[in-house]
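Please treat every number below as a calculation from the coordinates, not as lab data. This structure is a prediction, so every number in the text was calculated from the model and none was measured. Backbone-built Cβ (ideal geometry, glycine too); neighbour counts: all protein chains shown.
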Amino acid sequence: MASTAINVQSNRKRRAWRKILADRWRRQLPLFLVLGILVWLWNLLTSTLRLLPLPYFPGPGEILYELRRDRALLGLSVVYFLRLLALDYYVAGTLTVRSRAS
């Protein structure tokens, strides 16, 4: 008897979460559709029809390929950026504390 009460309660929670997620997706669906159409149009104009010059306007496939190929360098750049950001926060915090103390 207790297990059926737990199952009923968990089913209610699942339905509530499904409703929340469905509402969120329903609100965001137009944005995703527009983004999909824009990427399709970009691919059509650059890679398929070649209406835009290639070195200046690469297609989405070429950009994703280069991102994947350079992922080690991009990851290292992100690490260096985060290190600089942390150092900046440390220096700014230290200078702020020292200026308030004097």
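Quick notes on this one:
- For the range 47-102, with +1 on Lys and Arg beta carbons and -1 on Asp and Glu, the positive-most of A72, G59, S47 along the dipole: A72
- Label-point separation in nm, L51 to A72, each point 7 Å along Cα→Cβ: 4.0 nm
- Estimated vicinal HN-Hα couplings, Hz - the range 61-73 in sequence order (Karplus 6.51, -1.76, 1.60; Gly, Pro = x): x, 5, 5, 5, 4, 5, 4, 5, 5, 9, 4, 5, 5
- Taking every Cα-Cα distance in the chain and sorting them into 10 Å bins starting at zero, the pair-distance distribution P(r) comes out as 12, 16, 16, 21, 20, 13, 2, 0 percent.
- With a Förster radius of 22 Å applied to the beta-carbon distance between V79 and A101, the computed FRET efficiency rounds to 0.10.
- Positive-end extreme of charge dipole, the chain - chosen from Q28, W17, A92 (charges on Cβ): W17
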